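So the structure is just underneath, and the comments pick up after that.
Every read-out reported here was derived from the displayed coordinates using simple, explicitly stated rules and does not represent laboratory data. Nothing here was measured: the structure is a model prediction, and the numbers come from that model. Virtual Cβ from ideal backbone geometry, glycine too; neighbours counted across all protein chains shown.
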Amino acid sequence: MAKKFELNEVEVWDGNYAASQALRQAQVDVVAAYPITPSTPIVENYGAYQANGYVEGEFVMV
């Protein structure tokens, strides 16, 4: 089971961070991505969520 991710304060997010949060909240099974600017932060953030146990989905680099 994925760890719970809590936000206790108001935060300002850019679009890439918001997209990575949407992936986390959707609990997708597979993320297939080609990290290229300007979307690289989405892939990096999702990878961090996976490494820290916040998501259980598979990450596939294409």
**Report entry** Label point distance in nm, Tyr54-Ala19, each placed 7 Å from Cα along Cα→Cβ
**Finding:** 1.7
**Report entry** Qualifying chymotrypsin sites (Phe, Trp or Tyr not before Pro) in the chain, DSSP loop, other Cβ atoms within 10 Å at most 13
**Finding:** Phe5, Trp13
Query raised in the report: Out of residues 5 or more away from Val31 or on other chains, whose amide H comes under 5 Å of its own, with H placed 1.01 Å from N in the peptide plane?
Result: Glu58, Phe59, Val60
Requested in this report: Convert each backbone phi in region 11-23 into a coupling constant with the Karplus relation 6.51 cos²θ - 1.76 cosθ + 1.60 (shift: θ = phi - 60°), then list the ³J(HN,Hα) values in order as whole Hz, x for Gly and Pro.
Outcome: 10, 9, 10, 8, x, 5, 5, 4, 5, 5, 5, 4, 4
Report task. Would you mind calculating the relative contact order of the chain from Cα pairs under 8 angstrom and at least 6 residues apart, reporting the percent as a whole number? Result -> 47
Query raised in the report: What percent of all Cα-Cα pairs in the chain falls in each 5 Å bin, counting up from 0?
Result: 4, 18, 30, 27, 14, 6, 1, 0
Query - GluC sites (Glu not before Pro) within the chain, DSSP loop, no more than 16 other Cβ atoms inside 10 Å - result: Glu6, Glu9, Glu11, Glu56
